[in-house]
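Readers should treat all values here as calculations from the given coordinates under stated rules, not as data from a laboratory. Remember, it's a predicted structure, so these values are computed and weren't measured experimentally. No Cβ is skipped: glycine too gets one built from the backbone with ideal geometry, and neighbour counts run over all protein chains shown.
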Amino acid sequence: MSALATKHLLGLRGVSQSDIMTILDTARQFRDILDRPVKKVPSLRGLTVVNLFFENSTRTRTSFELAEKRLSADTINFATSGSSVQKGESLLDTLRNIEAMKIDVVVVRHKGTGVPKFLADNSNAIILNAGDGANEHPTQALLDMFTIEQKLGSLAGKRITIVGDIRHSRVARSNIWGMTTLGAHVTLCGPSTLLPRNREYFPNVTWESDVRRAVHDADAVIALRLQKERMEDSLLPSLREYRNFFGITHDVLEKAKKSVLIMHPGPINRGVELDSEIADGANSVILEQVTNGVAIRMSALYLLSGGRASE
């Protein structure tokens, strides 16, 4: 049924260049729709999508729900608070009960790595990963890629720097797989305690310990949100020290390209990952990322449900 080679969107590792380009190309058509007075199309009328979020999320959940409604799908939001999950129901039983209601697509976010794959292996529904553990967040990476191409053209040959907690970041992983598949050069930078131990897992990237060197020739810089629990895990001495060594400030960008794009998956810890003057500056495309996220999720839902890019 899927118009892509993959039936589900569980991550970007192993996803073909053709599938990624099809999602991006189709998103361009949906992005135009979002600028119209009437922002709704009947593409998924009659399909039922369940948003199965086991983690709190404002941006991703709202973006998926808007995408579903813009496509005229019937949308059900499943909240774990007050649900049978809190009463001890297993994930598989939850899935089977939801599936018994004749749903077509499940968008899932879960703190457990591999949960979307587990659902895909045990369900007839189409599964979209909205973030699983420290594994992947494919639609966030796709909207990042879409935003860069929208501003700079093809990703091939572009230099992308990702700064922050690489070890625990599902956003970083999906961006690495997706961007290198499209021919971008990816540089990873962060504190040694927040870099992956198994660097051989990412063979096609550059590692850099100095943020100024990491950004000096970058076409785009993606600052990752720093989770404050990393201090509780003794992986960082303080937020102030992180900001001093890895925060994206005016001083850090002095030697960078004047045209460098500044990106962030949100929410921003202002004064930590990004200074406010940078987050709100002329080079920032953070709010455009948010808008583009709706178009990307419309594209993924449409294509996985059988829509064709040429329609």
**OP:** For the range 233-252 and the range 1-61, write down the distance between their C-alpha centroids in whole Å.
**Re:** 35
**OP:** Determine how many Å³ per residue the convex hull of the Cα atoms of the range 58-187 encloses.
**Re:** 131
Original post:
Residue farthest toward the positive end of the dipole of the range 138-289, with Cβ of Lys/Arg at +1 and Asp/Glu at -1: which of Phe246, Val163, Thr181?
Top reply: Thr181
Original post:
Do you know the Lys pair count in the range 138-289 for C-alpha distances under 22 Å, with sequence separation 8 or more or different chains?
Top reply: 6
Original post:
Sequence-distant or interchain residues sharing an amide H contact under 5 Å with Ala134, placed H: which?
Top reply: Thr113
Subject >> Sites matching trypsin sites (Lys or Arg not before Pro) across the range 78-170 that sit in DSSP coil, with at most 14 neighbouring C-beta atoms within 10 Å >> reply: Lys102, Lys111
**OP:** With unit charges on the beta carbon (Lys/Arg positive, Asp/Glu negative), name the residue among Trp207, Leu142, Ala27 whose Cα is farthest towards the positive pole of the charge dipole of the chain.
**Re:** Ala27
**OP:** Within the set of other residues whose C-beta is less than 13 Å from the C-beta of His185, count the net charge using Lys and Arg as +1 and Asp and Glu as -1.
**Re:** -1
Original post:
Quick one: if the Förster radius is 35 Å, what FRET efficiency do Leu235 and Arg36 give, using the C-beta to C-beta distance and rounding to 0.05?
Top reply: 0.15
**OP:** Using only Cα atoms, figure out Rg for the range 172-240 and give it as a multiple of 2.2 N^0.38 Å.
**Re:** 1.18
Subject >> trypsin sites (Lys or Arg not before Pro) within the range 231-311: DSSP coil, no more than 14 neighbouring Cβ in 10 Å >> reply: Lys255, Lys258, Arg308
Subject >> Estimated FRET transfer efficiency when R0 is 30 angstrom, pair Ser2-Asn198 (beta carbons, to 0.05) >> reply: 0.40
Subject >> Extension gain, His250 back to Asn56 (0.36 nm per residue minus Cα-Cα distance, nm) >> reply: 66.6 nm
Subject >> the range 138-289: translational diffusion in µm²/s, Stokes-Einstein, Kirkwood Rh over Cα pairs, 37 °C, 0.692 mPa s >> reply: 216
**OP:** May I ask which residue of Ser63, Ser276, Leu91 lies farthest towards the positive end of the charge dipole of the chain, with charges of +1 (Lys, Arg) and -1 (Asp, Glu) on Cβ and the Cα centre as origin?
**Re:** Ser63
